[in-house]
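S.K.: The structure is given below, and queries will be raised subsequently.
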Amino acid sequence: MKNITAILLVIFSTVCWAQEKKNDTLAAVNLNEIIVIGKKTPLNLKQPKSLTSVEDYLMGSSKMNMIKRGAYAWEPTINNMSTERTVITIDGMRIFGACTDKMDPVTSYVEISNLSEATVASGQQASCHGATIGGSIDLKRNQYKHRKNGWNGSLSSGYESNNQQKIIGAALGYTDSTFFAHVDFMHRDAENYKAGNEKEINFSQFTKYNISANAGYFIDKKNVLETSIIYDKAVNVGYPALPMDVLLAEAKIISLSYKYIPDSAVISGWETKGYFNTITHKMDDTKRPAIPIHMDMPGWSDTYGFYSKIKGKHENHEFLADLNSFYNKAVAEMTMYPVDPTENLMFMYTWPDVRTLYNGLSLEDIITISPETILRISINLGFHSNTVANDFGLQSLRIFYPEMDATKNRSLKSLSGNYTKNTGKFEFGFGLAYAERAPSVSEGYGFYLYNSNDFYDYIGNPNLKNEKAVEGNFFFGYKNGRLTSKITASYFYISDYIIGKIDPGTLPMTIGASGIKIYDDINYAIIFNTDFNLEYSFLQNWNLKTQIAYSLGKDDQENNLPFISPLRYNAGIEFKKEKITAGIFASGNLAQNNFAKVYGQTKTPDYLIFNINAGYSFDCNQNKIKAQAGIENIFDKYYATFSDWNKIPRMGRNGFINFTYSFH
Amino acid sequence: MKILKHVAILVLSISLFSCSSDDNSSTQIPIDETAGLQKIQEISNETHTFELYSQSGSLIQGYNHITFSIKDKKTNAYIKDAKISWLPIMHMAMMEHSCPKSAVTKTSDKQTLYEGDIIFQMAENDTEYWDLTLTYTVNTISYTVTDIIKVQASAKRTVSSFNGSDGVRYLIASIAPQNPKVATNDISVGVYKMQDMMTFPVVNNLKIKMDPRMPSMGNHGSPNNTDLTQSTTDGFYNGKLSLTMTGYWKINLQLLNASNDVLKGEPVTTENPASSLFLEIEF
């Protein structure tokens with residue numbers, strides 16, 4: 001009897017999940033891109049290099065780019081907007097990097113083994129976890145409760161020839177009718193990489209360990225408790241584009257969630273989660289030759305948060321309400337060691353123990369007007385408060401702002417609407433949105449943060465206004481049996497745009513810096529993005545894919561904004577037959593002639609590189625073996641793109657091999 | 001230092017105890033009048049004992065704020081209404097000279113304490129020493145007392161004497177901040193001229209330009225400093241000094257007269273990393 005109930009329960013929850021999934025996908029087809037990372041991969045979304053980095057998976061989205069400071073911890077941008085203007089969550093949890101130089105984006109603290117998929121939402125199209133302007137990414141953890149009963153697991157290993165990266169991973173799980181548990185481990189170790197023409201890039205090595213565990217318990221048919229832990233540690237990470245490396249980047253990410261799945265026809269699910277994460281980041285300049293002065297720059301970021309999200313359906317309305325809040329504590333220090341050892345150490349707080357409290361309510365309604373037309377409306381209200389908790393730090397900032405208060409409160413609002421119509425062959429949609437964001441800790445309270453790209457020391461400004469964006473977007477798609485195509489565009493008019501402005505009267509602190517920039521609101525800036533995707537399948541086993549994207553960013557003086565992509569494109573032909581896959585891909589950028597001269601950038605030339613890959617997978621009873629190999633940048637092109645910090649060249653020719661064995 | 005403190009407490013408690021036994025209410029003093037201060041030393045003649053105190057319990061080259069009491073040796077009573085003047089003198093091999101000082105005043109809201117400032121422009125050494133002469137009047141009778149005082153060298157430059165472009169010998173001394181912080185500090189500087197070997201009056205109506213720098217870190221500066229102007233109340237020159245981090249700061253100065261002629265000091269430039277007139281802070 002018990003077993004039957006259990007089986008029913010599993011089936012029931014699977015059905016629930018599938019249904020929810022289906023609803024998600026319906027919206028997702030229209031709006032958000034879902035990048036699948038885990039193993040349950042539909043064939044057409046299969047990564048040719050399954051053990052690649054999380055960042056590399058995300059770059060599959062035409063909305064995304066990565067600012068690279070080396071081989072590790074790339075900083076994601078959505079619609080050409082980076083960390084301050086985007087929200088990246090792990091299963092809805094807010095996490096904030098502890099590095100003042102953005103060397104540790106949220107994505108650097110997870111591994112592909114932790115994740116099943118990533119939802120990339122442009123602009124306000126899924127902004128339920130906090131205030132964003134450019135967009136949001138939710139990295140979803142693996143869902144184990146839907147697995148088959150019994151043991152499951154996998155072993156994976158990979159090697160990359162260019163930087164001798166060795167990848168080892170293992171996972172083991174057990175699923176039962178009332179209980180599931182899972183643990184996975186992944187380790188990467190890489191030496192310096194070589195850019196094209198065999199040019200070794202010094203200080204580009206890294207070593208990463210990631211271990212995570214999940215466990216869940218079905219209290220009864222309707223109630224599930226789940227806990228999740230991720231421990232991630234990177235050591236000896238080189239940042240060749242920066243004047244410093246990283247000794248340690250460590251994250252502990254813990255959550256406990258409770259899911260209630262009611263019988264009610266109206267409410268389809270209610271999830272409440274409490275979480276905590278703590279990040280330690282320590283920079284290291286001891287291996288660099290000829291540094292003007294040795295310094296320690298550690299940073300810490302702790303976040304406590306919770307959310308309670310309820311989803312439901314009534315008639316043609318599909319609604320979501322999400323109450324969420326977080327409390328973050330960000331501290332960063334700088335200690336400089338004078339050459340004369342008898343002199344006192346030079347010490348300052350670069351993030352003066354800034355506490356951020358956010359409470360938000362987010363509501364969304366997806367209205368099916370007719371089988372073909374959907375209207376989505378969402379609204380977000382947030383209360384945002386910053387407090388400088390450290391008196392030393394507050395006194396330091398008062399050098400610049402004698403009148404500043406320790407606490408600053410803001411209210412943040414966003415509103416968006418999207419209309420989509422899908423006739424099967426044609427689909428189109430448009431949307432309008434308004435959004436606000438608060439300044440980041442660095443923008444509001446940073447103290448002499450050196451930017452090695454424009455050579456200025458940045459000072460935060462606690463008097464910044466909220467940045468406000470009005471966004472318009474549209475898409476048009478056409479598909480038939482063989483062809484899928486879609487063009488999308490978005491336009492952001494951002495008023496009180498926050499950017500560093502040169503303060504000519506103030507001297508810089510960093511040796512060699514050009515001057516001081518103070519974060520300020522400029523009147524407005526605009527960012528325009530458009531991309532075109534086309535997929536065509538022919539001759540049964542062949543598939544052609546192309547992607548073209550173009551972006552433009554201007555400030556109120558018609559100056560180009562920094563880190564805006566020029567025209568970029570990629571195209572590939574894939575062959576799939578039974579267990580064999582093969583492909584050839586080309587990707588490139590045109591020259592970035594609209595570079596941001598005023599913001600210290602220079603022209604980047606065009607490039608084009610080619611990759612080939614092949615894969616073979618087969619099932620053997622309950623076991624599955626997958627092998628993949630390929631060569632990236634076949635012609636060993638020496639190149640750097642618009643988003644490479646200080647024009648650090650990208651990897652030259654690289655051969656890879658990935659191997660995965662899984663059972664269940 | 002701790003021993004000094006204990007001695008000070010012991011002395012105070014003995015005196016209090018003896019006062020109590022005398023049952024002379026006029027000699028009773030609140031025990032905590034010197035609380036927070038450290039005893040420097042005692043100076044005495046046949047009739048009176050001076051107890052000298054300061055924050056640190058010692059005298060140092062540069063600015064010193066000194067608090068003291070006078071005790072009648074016979075009665076052990078503290079004298080509350082003496083008229084006092086003082087004269088510190090440096091005894092060098094070839095000559096003697098004094099240094100800038102304030103008048104001695106009764107400490108407001110204290111019954112038994114007097115206070116004043118002395119700016120020692122140099123420290124003692126093996127062969128050269130300072131002494132302090134106190135001349136005072138109690139109940140219309142004049143007395144005098146002299147004793148050697150120990151003036152230690154300051155680790156950082158807190159006082160500077162120099163010839164100005166107008167031919168006058170000036171002396172400049174750091175008064176505040178005594179406890180510098182990473183913040184906007186109130187900076188206070190005293191400016192004196194050497195009228196003769198024994199007279200160092202305050203100089204009025206000058207201006208002091210300031211450019212704090214960290215020579216150990218590329219000689220970077222700090223923002224939002226305010227140049228120093230003279231206070232009408234105490235005659236010191238006051239300004240705002242921004243220190244953006246702990247460590248060693250060189251406070252480069254330029255001294256200007258009322259018609260903006262530079263008396264001493266040069267602006268800091270790439271070619272000229274420091275002014276010839278400067279003070280130092282390390283914390």
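The values are calculated or read from the model by the stated rules, or taken from the named source; none is laboratory data. Source: prediction; values computed, not measured. Every residue, glycine among them, receives a Cβ derived from its backbone with ideal geometry; neighbour counts consider all protein chains shown.
S.K.: If I go through segment A:422-476 residue by residue, how many of them are more than 28 Å from A:Ala330 (Cα to Cα) and among the hydroxyl-bearing types (Ser, Thr, Tyr)?
M.R.: Residues that pass the stated criteria total 2.
S.K.: Regarding A:Ala406, is this residue in contact with a Lys or Arg (Cβ under 7 Å, 6 or more places away or on another chain) and touching a residue at least 12 places away in the same chain (Cβ under 8 Å)? Before the answer, list the steps.
M.R.: Details: in contact with a Lys or Arg (Cβ under 7 Å, 6 or more places away or on another chain): no; touching a residue at least 12 places away in the same chain (Cβ under 8 Å): yes.
The answer is no for A:Ala406.
S.K.: Inside segment B:240-261, can you point out the residues that are touching a residue at least 12 places away in the same chain (Cβ under 8 Å) and surrounded by fewer than 16 Cβ atoms within 10 Å (Cβ to Cβ)? Break it down stepwise before answering.
M.R.: Narrowing segment B:240-261 to residues touching a residue at least 12 places away in the same chain (Cβ under 8 Å): B:240-258, B:260-261.
Residues satisfying the conditions are B:Ala258, B:Asn260, B:Asp261.
S.K.: Further question: So, of the residues in segment A:603-637 that are under 27 Å from the mean Cα position of the chain (by Cα) and among the aromatic types (Phe, Trp, Tyr), which turns out to be surrounded by the fewest Cβ atoms within 10 Å (Cβ to Cβ)?
M.R.: The selected residue is A:Phe610.
S.K.: Hey, can you tell me all the residues within segment B:181-211 that are in contact (Cβ under 8 Å) with a residue 60 or more places away in the chain and farther than 30 Å from B:Ile89 by Cα?
M.R.: B:Lys181, B:Val182, B:Ala183, B:Asp211
S.K.: While we're looking at this one, here's another question. Looking at segment A:495-514 only, could you name the residues that are at the interface with chain B (Cβ under 8 Å from one of its Cβ atoms) and among the hydroxyl-bearing types (Ser, Thr, Tyr)?
M.R.: Of everything in segment A:495-514, those that are at the interface with chain B (Cβ under 8 Å from one of its Cβ atoms) and among the hydroxyl-bearing types (Ser, Thr, Tyr) turn out to be A:Thr506, A:Thr510.
S.K.: Next up: List pairs: first in segment B:116-145 and under 19 Å from B:Ser102 (Cβ atoms), second assigned to a loop (DSSP other than H, G, I, E, B) and hydrophobic (A, V, I, L, M, F, W, C), Cβ under 6 Å, 6+ apart or cross-chain?
M.R.: Listed pairs, sorted by first residue: B:Gly116/B:Val104; B:Ile119/B:Cys99; B:Phe120/B:Cys99; B:Gln121/B:Cys99; B:Tyr136/B:Ala82.
S.K.: Okay, moving on. Give A:Gly150, A:Gly97 a once-over and let me know the one that is small (Gly, Ala, Ser), more than 30 Å from A:Gly630 (Cβ to Cβ) and buried (at least 24 other Cβ atoms within 10 Å of the Cβ).
M.R.: Values: A:Gly150 fails: buried (at least 24 other Cβ atoms within 10 Å of the Cβ).
Within the list A:Gly150, A:Gly97, the selection yields A:Gly97.
S.K.: OK, next. Please work out if B:Thr270 is more than 21 Å from B:Pro100 (Cβ to Cβ) and either more than 14 Å from chain A (Cβ to nearest Cβ) or at pLDDT below 95 (or both). Step through it out loud before you land on a result.
M.R.: Working: more than 21 Å from B:Pro100 (Cβ to Cβ): yes; either more than 14 Å from chain A (Cβ to nearest Cβ) or at pLDDT below 95 (or both): yes.
Yes: the conditions hold for B:Thr270.
S.K.: Further question: Does segment B:168-217 hold any residues that are closer than 20 Å to A:Arg398 by Cβ and among the small types (Gly, Ala, Ser), and which are they? Break it down into steps so the answer makes sense when it comes.
M.R.: To start, the set of residues in segment B:168-217 that are closer than 20 Å to A:Arg398 by Cβ comprises B:176-188, B:210, B:212, B:214.
Residues satisfying the conditions are B:Ala176, B:Ala183, B:Ser188.
S.K.: Got at least one residue in segment A:430-446 being over 28 Å from A:Asn461 (Cα atoms), away from every other protein chain (no Cβ under 14 Å) and outside any strand (DSSP E or B)? Can you show your working first?
M.R.: Here is the first cut: in segment A:430-446, the residues over 28 Å from A:Asn461 (Cα atoms) are A:430-432.
Imposing the further condition that a residue be away from every other protein chain (no Cβ under 14 Å) reduces the set to A:430-432.
Now restrict to residues that are outside any strand (DSSP E or B): none.
No, because not a single residue in segment A:430-446 is over 28 Å from A:Asn461 (Cα atoms), away from every other protein chain (no Cβ under 14 Å) and outside any strand (DSSP E or B).
S.K.: In addition: For segment A:267-297, give me each residue that is touching a residue at least 60 places away in the same chain (Cβ under 8 Å) and assigned to a strand (DSSP E or B).
M.R.: The initial filter retains those residues of segment A:267-297 that are touching a residue at least 60 places away in the same chain (Cβ under 8 Å), namely A:268-269, A:273, A:275, A:277, A:279-281, A:283, A:287-288, A:292-293, A:297.
Within segment A:267-297, A:Ser268, A:Gly269, A:Lys273, A:Tyr275, A:Asn277, A:Ile279, A:Thr280, A:His281, A:Met283 qualify.
S.K.: Here's a follow-up. Identify the residue in segment B:210-228 that is among the hydroxyl-bearing types (Ser, Thr, Tyr) and buried (at least 16 other Cβ atoms within 10 Å of the Cβ) and, among all such residues, is farthest from the other protein chains (Cβ to nearest Cβ). Spell out the reasoning first.
M.R.: Of segment B:210-228, the ones among the hydroxyl-bearing types (Ser, Thr, Tyr) are B:216, B:222, B:226.
Checking which are buried (at least 16 other Cβ atoms within 10 Å of the Cβ) leaves us with B:216, B:222.
Numbers: B:Ser216: 4, B:Ser222: 7 Å.
Applying the filter and picking the extreme gives B:Ser222.
S.K.: Now, a different point. Among residues belonging to segment A:627-664 that are of a type in the set (Phe, Trp, Tyr) and part of a strand (DSSP E or B), point out the one that is nearest to A:Asn65 (Cα to Cα). Before the answer, list the steps.
M.R.: Taking segment A:627-664 as the starting set, the residues that turn out to be of a type in the set (Phe, Trp, Tyr) are A:635, A:638-639, A:642, A:645, A:656, A:659, A:661, A:663.
Checking the rest, the ones that are also part of a strand (DSSP E or B) come to A:656, A:659, A:661, A:663.
Details: A:Phe656: 22, A:Phe659: 27, A:Tyr661: 31, A:Phe663: 35 Å.
My answer is A:Phe656.
S.K.: Which of the following residues is within 25 Å of B:Ala155 (Cβ to Cβ), surrounded by fewer than 19 Cβ atoms within 10 Å (Cβ to Cβ) and more than 14 Å from chain A (Cβ to nearest Cβ): B:Ser276, B:Ser231?
M.R.: B:Ser276
S.K.: While we're here: From the residues in segment B:49-79 that are charged (D, E, K, R) and assigned to a strand (DSSP E or B), which one is farthest from B:Gln38 (Cα to Cα)?
M.R.: Taking segment B:49-79 and keeping what is charged (D, E, K, R), we get B:51, B:71-74.
Filter again for assigned to a strand (DSSP E or B), leaving B:51, B:71-72.
Working: B:Glu51: 10, B:Lys71: 17, B:Asp72: 21 Å.
Result: B:Asp72.
S.K.: Can I ask one more? State the number of residues belonging to segment B:213-263 that are among the charged types (D, E, K, R) and over 23 Å from the mean Cα position of the chain (by Cα).
M.R.: Keep residues of segment B:213-263 that are among the charged types (D, E, K, R), which gives B:213, B:227, B:234, B:240, B:250, B:261.
Now narrow it down to the ones that are over 23 Å from the mean Cα position of the chain (by Cα): B:213, B:261.
Residues that pass the stated criteria total 2.
S.K.: Can you say whether B:Ser165 is among the polar types (S, T, N, Q), in contact with a strand residue (DSSP E or B) (Cβ under 7 Å, 6 or more places away or on another chain) and not assigned by TED's automatic domain parsing to the domain that holds B:Asn45, as far as the supplied structure shows?
M.R.: Working: among the polar types (S, T, N, Q): yes; in contact with a strand residue (DSSP E or B) (Cβ under 7 Å, 6 or more places away or on another chain): yes; not assigned by TED's automatic domain parsing to the domain that holds B:Asn45: yes.
The answer is yes for B:Ser165.
S.K.: Can you report the number of residues in segment A:81-134 which are touching a Leu at 6+ places or on another chain (Cβ under 9 Å), part of a loop (DSSP other than H, G, I, E, B) and closer than 19 Å to A:Ser442 by Cα?
M.R.: 5
S.K.: Right, something else. Within the set of pairs 6+ apart or on separate chains, which have a first residue in segment A:328-354 that is more than 7 Å from every other protein chain (Cβ to nearest Cβ), a second that is assigned to a strand (DSSP E or B) and among the basic types (Lys, Arg), and C-beta atoms under 9 Å apart?
M.R.: Close Cβ pairs (under 9 Å, with a partner that is assigned to a strand (DSSP E or B) and among the basic types (Lys, Arg)) amount to A:Asn328/A:Arg94; A:Asn328/A:Arg355; A:Lys329/A:Arg355; A:Ala330/A:Arg355; A:Asp353/A:Lys329; A:Val354/A:Lys329.
S.K.: So, one more: Only one of A:Phe528, A:Phe492, A:Phe563 is under 22 Å from the mean Cα position of the chain (by Cα), assigned to a loop (DSSP other than H, G, I, E, B), more than 14 Å from every other protein chain (Cβ to nearest Cβ) and not β-branched (Val, Ile, Thr). Can you tell me which? Break it down stepwise before answering.
M.R.: Numbers: A:Phe528 fails: assigned to a loop (DSSP other than H, G, I, E, B); A:Phe492 fails: assigned to a loop (DSSP other than H, G, I, E, B).
A:Phe563 is the lone residue from the list that is under 22 Å from the mean Cα position of the chain (by Cα), assigned to a loop (DSSP other than H, G, I, E, B), more than 14 Å from every other protein chain (Cβ to nearest Cβ) and not β-branched (Val, Ile, Thr).
S.K.: With A:Ser378, A:Ser362, A:Ser370 as the choices, which residue is surrounded by fewer than 21 Cβ atoms within 10 Å (Cβ to Cβ) and either under 19 Å from A:Phe319 (Cβ atoms) or touching a Phe, Trp or Tyr at 6+ places or on another chain (Cβ under 9 Å) (or both)?
M.R.: Working: A:Ser378 fails: surrounded by fewer than 21 Cβ atoms within 10 Å (Cβ to Cβ); A:Ser362 fails: surrounded by fewer than 21 Cβ atoms within 10 Å (Cβ to Cβ).
Just a single option satisfies the conditions, and that option is A:Ser370.
S.K.: Before we move on, is A:Val339 among the β-branched types (Val, Ile, Thr) and in a strand (DSSP E or B)?
M.R.: Working: among the β-branched types (Val, Ile, Thr): yes; in a strand (DSSP E or B): no.
No.
S.K.: What's the number of the only condition in (1) in contact (Cβ under 8 Å) with a residue 60 or more places away in the chain; (2) among the aliphatic types (A, V, I, L, M); (3) more than 14 Å from chain B (Cβ to nearest Cβ) that A:Ile379 fails to meet?
M.R.: (1)
S.K.: Go through segment A:447-465 and count every residue that is assigned to a loop (DSSP other than H, G, I, E, B), surrounded by 20 or more Cβ atoms within 10 Å (Cβ to Cβ) and within 14 Å of chain B (Cβ to nearest Cβ).
M.R.: Matching residues across segment A:447-465 total 4.
S.K.: Among the strands (runs of 3 or more DSSP E) lying completely within segment B:104-170, list those that include at least 1 residues that are touching a Ser or Thr at 6+ places or on another chain (Cβ under 6 Å).
M.R.: So the answer is B:114-120, B:129-138, B:141-149.
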